1. Would you calculate the separation in nanometres between label points at residue 81 and residue 64, each defined as 7 Å from the Cα along the Cα-to-beta-carbon direction?
2. Could you give the distance between the Cα centres of region 83-132 and region 1-74, to the whole Å?
3. Report the full-extension gain for the segment residue 130 to residue 113: residue separation times 0.36 nm, less the Cα-Cα distance, to one decimal in nm.
4. Starting from the 7 Å offset along Cα-to-Cβ, what nm value, one decimal, do you get for the label separation of residue 97 and residue 236?
5. What order do you get for 134, 25, 233 when you list them from fewest to most C-beta neighbours inside 10 Å?
6. Any idea how far apart residue 253 and residue 72 come out in nm if each label point goes 7 Å out from Cα toward Cβ?
7. Kyte-Doolittle cut-off -0.5, length cut-off 30 Å along the helix's own axis using Cα: show which whole DSSP H helices in the chain pass.
8. Which of 241, 50 comes first, and how do the rest follow, when ranked by fewest Cβ neighbours within 10 Å?
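Every number here is computed from the coordinates shown, using simple stated rules; none is lab data. What you are looking at is a predicted structure, and each value in this text was computed from that prediction instead of being measured. Here the Cβ is made from the backbone with ideal geometry for all residues, glycine too, and neighbour counts use every protein chain on show.
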Amino acid sequence: MSKIAEAFKNGKAFIPFITCGDPDLDTTKLVVKEMAANGADLIELGIPFSDPTAEGPVIQEANIRALSNGVTTDDVFAMVKDLRKEVTIPMVFMTYANVIFSYGAEKFISICKEIGIDGLILPDIPYEEKGEFLDVCEKYGVDLISMVAPTSGDRIAMIAAEAKGFIYIVSSLGVTGVRSEIKTDINSIVDIIRANTDVPCAIGFGISTPEQAKVMAAEADGVIVGSAIVKLLEKYGKEASKYVGEYVKSMKEACHVS
């Protein structure tokens with residue numbers, strides 16, 4: 001069984017995202033430890049990339065800050081290896097195909113296995129093209145996380161049937177970012193997923209408040225938050241770990257719904 005399943009074994013999962021190296025890797029390490037200590041069940045680590053097409057302005061700017069500091073993929077690998085001395089919850093990378101292509105898929109994914117990365121989320125790889133990475137991921141036991149969106153339509157069942165780790169439900173059309181309201185019929189998407197797989201599903205894109213987290217957790221198996229956390233890093237910089245920890249605690253508590 002995938003280690004990612006551990007994130008969902010004790011009720012609704014809270015899954016925070018952070019861009020590695022924003023504002024620096026030492027702060028990233030502190031923030032990851034705080035997130036784990038305050039109830040995060042799985043952590044998404046963004047590898048800085050110059051053209052993060054799924055991201056809105058908040059996370060785009062975080063990528064620019066990290067890259068401006070000279071953060072490389074190898075730096076991120078070294079950081080994760082160090083974090084794994086203390087952080088035991090599942091962690092996944094969220095990145096883009098070009099990052100892996102340029103590094104070399106076999107080398108990249110084998111290092112993921114070596115340092116304790118449990119899965120990969122690649123927003124720019126559609127279901128039909130996942131074969132480019134799937135065989136290598138399966139070879140090394142790294143889950144290639146599937147994404148479904150409001151526009152996935154009759155492809156949802158097909159994607160769900162082959163999913164590994166967890167299914168990332170994109171709550172809204174467009175890029176990542178805080179939204180005041182989520183109008184997508186999440187329930188119908190979840191129904192299709194559950195009719196086709198036992199793999200858990202978590203909702204991301206646009207969730208930022210405990211109230212939103214509570215509503216979304218009632219619909220699915222977990223909640224994913226990125227931009228709201230990255231905003232805290234932008235605001236507090238190297239002092240952000242305390243504030244992120246408090247935020248994660250409040251969001252995790254909101255996910256405890258009946």
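1. Going by the 7 Å Cα→Cβ label model, 3.2 nm.
2. Cα centroid of region 83-132 versus Cα centroid of region 1-74: 13 Å apart.
3. Values: separation 17, 0.36 × 17 = 6.12 nm, distance 1.85 nm.
Answer, rounded to one decimal: 4.3 nm.
4. 3.8
5. Working: 134 14, 25 18, 233 24.
The order, fewest Cβ neighbours first, is 134, 25, 233.
6. It works out to 4.4 nm between the two label points.
7. Long hydrophobic helices here: none detected.
8. Values: 241 22, 50 11.
Least crowded to most crowded, the residues run 50, 241.
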